[in-house]
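Colleague: I am attaching a structure below and will ask some questions about it afterwards.
The values are calculated or read from the model by the stated rules, or taken from the named source; none is laboratory data. None of the values given here were measured: they were computed from a predicted structure. Neighbour counts run over all protein chains shown; Cβ positions are idealised from the backbone, glycine included.
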Amino acid sequence: MRQPELATEQVLLARLLSDGGRLGSFISDRAGWLDDNAADPAARSALLAIPAEDLLAQRGTLVAKRWRAVLELLPESSFGNPGFCRAIFEDYADRYWPEGHMRHERDALAFLQFCQSKGIAVSRVEIARLELRLGLRRFHILPVRLSRRGRLRPALLLMHRTGPRSCREHLIASL
Amino acid sequence: MIGIGWRRNLAGMISIGDDRIQCLEIVPDHFLDSGRQQLAELSGRYPVFVHGLSCSLGTPGPMDEEYLRGFKQVCDACQPHWISEHVAFTRAGGIDLGHLNPLSPTRANLQTIASNAQELQERLERPLLLENITSSIRLQGDMPENEFLVELCRRADCRLLLDVTNLFINARNHGFDPQRWLELVPAELVVQLHVVGYQLDGNGRYHDSHDQPLQADLLELIGLVMESHQPEAVILERDDSQARPAEIIAELEALHAAA
């Protein structure tokens with residue numbers, strides 16, 4: 001019978017740092033978790049020696065970096081929105097880990113969808129903008145409201161993809 | 001030379017030019033999709049270095065071909081004096097952490113990073129500098145970190161990009177003397193420095209958030225390193241989109257004064 005390939009310290013750390021649930025299991029039963037994950041002997045001794053608070057701090061650093069990137073991409077959804085907060089993001093970050101060089105855009109879009117599923121109001125324009133930048137849609141037409149002479153008036157916003165990570169927006173009608 | 005890392009919010013200031021910006025560092029990830037013409041213009045104005053984030057030199061096995069292709073295209077567009085990458089891993093076992101993570105200083109990891117560093121240097125046809133990272137985790141291994149870095153540079157035929165902020169933060173968080181750490185690093189090995197202010201959280205832990213101005217105690221260490229190791233270039237790495245050009249210029253002036 002073929003022996004399973006043993007996991008290196010890099011693979012084990014990647015598993016732990018990308019998933020808060022796994023990290024919790026490891027902290028509560030290190031030896032059991034390392035057995036279940038077929039740790040190689042060097043990785044086993046390296047991981048057994050790391051203080052739990054250091055692992056939690058490193059995961060906190062990774063999640064904080066994602067949170068900062070998401071906030072930069074979502075100024076409209078985050079402004080003055082108490083539901084759109086770090087605690088919700090951490091709950092979401094335990095379930096999804098984005099990949100690739102457009103990971104921040106993917107992360108932001110997935111987080112907006114997560115917020116919607118929790119009934120938290122988010123900007124539809126930012127969802128549309130991210131879908132265009134990620135190449136998931138070629139254009140969007142959205143009804144929006146414009147403030148003019150102290151009153152909110154309905155308008156239409158046409159958005160279209162112009163290339164990777166970019167889109168253009170035109171206010172095509174003010175009714 | 002003292003300069004800054006190119007960031008979108010600083011692009012206007014960089015394209016206008018300023019005597020205090022003497023060189024420029026480009027992150028390939030910012031130009032993977034577009035902007036190659038802009039890179040060519042920047043390289044006509046400044047000495048340029050290209051700083052990789054995602055090669056994951058510490059991951060055993062082949063590097064990410066798509067990222068390497070993009071990295072090479074960015075280098076071809078801006079003809080950097082040198083390139084740099086981190087002594088770290090960002091992905092492993094099919095998971096892309098998207099951030100730098102530490103490796104234990106073991107002989108096995110030394111071999112992995114040296115082999116990937118040599119391949120990167122050959123494929124991109126540019127001298128490669130290797131950078132020390134900061135981490136909340138301090139992994140034990142066969143040798144101390146500074147000895148590991150020196151040996152790694154020797155094996156991979158590379159030199160060092162010394163991140164003084166990372167050294168300062170690790171020294172504070174893990175309790176060692178940064179000046180003693182530096183004694184083992186030969187001056188001729190250090191070609192470039194990275195600097196940016198640190199962040200101190202409520203638990204007394206230091207962080208490399210890339211959004212703080214340089215603090216006096218850190219600036220003192222930077223001045224000592226500049227004097228003892230005489231690097232060719234120092235790059236200020238401010239990532240926050242809120243940093244105003246006037247703030248960046250004040251930071252550059254502080255670095256010129258420390259030199």
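Colleague: Could you list, in sequence order, the residues of segment B:224-259 that are in a helix (DSSP H, G or I), within 14 Å of residue B:212 (Cβ to Cβ) and in contact with a helix residue (DSSP H, G or I) (Cβ under 7 Å, 6 or more places away or on another chain)? Break it down stepwise before answering.
Modeller: First pass over segment B:224-259, keeping only residues in a helix (DSSP H, G or I): B:224-229, B:245-258.
If we keep only those that are within 14 Å of residue B:212 (Cβ to Cβ) too, we end up with B:247-248, B:250-251, B:254.
Residues satisfying the conditions are B:248, B:254.
Colleague: Could you say which residue among B:124, B:161, B:103 is under 15 Å from the mean Cα position of the chain (by Cα), touching a residue at least 12 places away in the same chain (Cβ under 8 Å) and crowded, with 20+ Cβ neighbours inside 10 Å?
Modeller: None of the others qualify; the one that does is B:161.
Colleague: Does residue A:127 satisfy the condition of being over 28 Å from residue B:99 (Cα atoms) and at pLDDT 85 or above? Even if it seems obvious, please write down each step before you answer.
Modeller: On the way: over 28 Å from residue B:99 (Cα atoms): no; at pLDDT 85 or above: yes.
No, not satisfied.
Residue-wise test of (1) in contact with a Pro (Cβ under 8 Å, 6 or more places away or on another chain); (2) at pLDDT 90 or above.
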{"position": "B:194", "(1), (2)": "no, yes"}
{"position": "B:197", "(1), (2)": "yes, yes"}
{"position": "B:218", "(1), (2)": "no, yes"}
{"position": "B:236", "(1), (2)": "no, yes"}
{"position": "B:242", "(1), (2)": "no, no"}
{"position": "B:245", "(1), (2)": "no, no"}
{"position": "B:248", "(1), (2)": "no, yes"}
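Yes/no per residue for (1) surrounded by fewer than 21 Cβ atoms within 10 Å (Cβ to Cβ); (2) aromatic (Phe, Trp, Tyr); (3) modelled with pLDDT of 90 or more; (4) in contact with an Asp or Glu (Cβ under 9 Å, 6 or more places away or on another chain):
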{"residue": "B:3", "(1), (2), (3), (4)": "no, no, yes, yes"}
{"residue": "B:9", "(1), (2), (3), (4)": "yes, no, no, yes"}
{"residue": "B:13", "(1), (2), (3), (4)": "yes, no, no, no"}
{"residue": "B:16", "(1), (2), (3), (4)": "yes, no, no, no"}
{"residue": "B:22", "(1), (2), (3), (4)": "yes, no, yes, no"}
{"residue": "B:27", "(1), (2), (3), (4)": "yes, no, yes, no"}
{"residue": "B:33", "(1), (2), (3), (4)": "yes, no, no, no"}
{"residue": "B:44", "(1), (2), (3), (4)": "yes, no, yes, no"}
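Colleague: For segment A:124-159, how many residues meet the condition of being away from chain B (no Cβ under 14 Å) and closer than 22 Å to residue A:104 by Cβ?
Modeller: Here is the first cut: in segment A:124-159, the residues away from chain B (no Cβ under 14 Å) are A:124-131, A:136-159.
Keeping just the survivors that are closer than 22 Å to residue A:104 by Cβ gives A:124-131, A:136-138, A:140, A:159.
Count: 13.
Colleague: Could you name every one of the helices (runs of 4 or more DSSP H) located completely within segment A:64-175 that has at least 3 residues being of a type outside the set (Gly, Ala, Ser) and buried (at least 19 other Cβ atoms within 10 Å of the Cβ)?
Modeller: On the way: elements: A:75-78, A:86-93, A:103-117, A:124-133.
Correct list: A:103-117, A:124-133.
Colleague: Turning to a different aspect of this structure: Which numbered condition in (1) under 17 Å from residue A:63 (Cβ atoms); (2) of a type in the set (Phe, Trp, Tyr); (3) more than 10 Å from the chain's Cα centre (by Cα) is the only one that residue A:139 fails?
Modeller: (1)
Colleague: Still on this structure, please answer the following. If residue B:142 satisfies every condition in (1) within 14 Å of chain A (Cβ to nearest Cβ); (2) closer than 25 Å to residue B:75 by Cβ but one, which is the exception?
Modeller: Among (1) within 14 Å of chain A (Cβ to nearest Cβ); (2) closer than 25 Å to residue B:75 by Cβ, the lone unmet condition for residue B:142 is (2).
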